[in-house]
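> Have a look at this one before I ask anything.
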Amino acid sequence: MEFTILVIVVLFAFESVICYLPPSIKVCHLSDPELDRCIIDSVDRIRPNIASGDFGNGTKLLAMDPAFVQRLDVDGGPSLQASFHNCTVIGAASFRIDKLHFDKRKKTIKVLLSLAMMNLRGKYSMRMKLSMLQLDGAGDFQTNSSDVKVLLKIHYTPVERNADDGAGSRRPGIRFLPVDFKVKFAGPVRFNLQNLLNGRPELDQVANEALNQNPDLLLDRAIPPIRRFFSDMFTTVANGVVRDADLDEVFPL
């Protein structure tokens, strides 16, 4: 989603990947004493490209606003089993970079983001024990949230790759380790799930209000699969971006 595009932009913000660099990206130099600020400015500059997924010159990636998540499963034991699928996510363009730091020695990039709003809609199925209610429904759902915090920690390691020169020589490359993704819903979250009581629509409002009075009961159990989903996505995309690049092309001295 929008965070995946941010990972790509952070990687593209270095002049060294010029062979992959779309014209919309502002390059940053590792020797720049304000390197972190330069990368932040580069990301802010291409906010419309991040939303549309079109970076120009034939570089087209996933559209981030709206974005699509095929499926998220929530396993909370006997008291909660849920699945959310065919989800549309709106709000990518609302992101703000609160902090960004590139640690050359530790080979790590840390990014703290805030999203002013993030809305999801799609299909769900769920069984959940909520106080005196036994929720057992399936249907359409919508979730509205504000002030969402995201922390990304991206770590890379040097590797050796075949030079493809026919002589069996090797060249230095780069590989990203699984991206550490953390999310916190700092602002209010509101759920609207239809058919929560499986055929008793007159009580849907009561059931949704009960859920909205205790949103952490669902959110706390949903965060682990959300983290796994986005960690896998970021790692796959980041390694795809640099799979043909030399180490000194990605991070020149």
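> Which order do Ile223, Ile174 take when ranked by solvent-accessible area (1.4 Å probe, heavy atoms of all protein chains), largest first?
Ile223, Ile174
> My understanding is that a pair violates if its Cα-Cα distance is over 18 Å; which of Lys153/Lys182; Lys110/Lys182; Lys123/Lys184; Lys107/Lys149 do that in this structure?
Over 18 Å Cα-Cα: Lys123/Lys184; Lys107/Lys149.
> Let me check something: with ligands and nucleic acids excluded, how do Ser52, Ser231 order by accessible area (1.4 Å probe), largest to smallest?
Sorted by accessible area, descending: Ser52, Ser231.
> How high is the relative contact order of the range 172-233, given as a whole-number percent (alpha carbon pairs under 8 Å, six or more residues apart)?
About 43 percent, as a whole number.
> Per the Kirkwood definition applied to all pairs of different Cα atoms, how many angstroms is the hydrodynamic radius of the range 85-235?
Value: 18.3 Å, from the Cα pair sum.
> Using a 1.4 Å probe, how large is the accessible area of Arg170, given in Å² and rounded to the nearest 10?
Roll a 1.4 Å probe over it and Arg170 shows about 130 Å².
The values are calculated or read from the model by the stated rules, or taken from the named source; none is laboratory data. All values derive from a computational prediction rather than experimental measurement. In case anyone asks, the SASA skips ligands and DNA or RNA and just uses the protein heavy atoms, side chains included. Shrake-Rupley method; radii C 1.70, N 1.55, O 1.52, S 1.80 Å.
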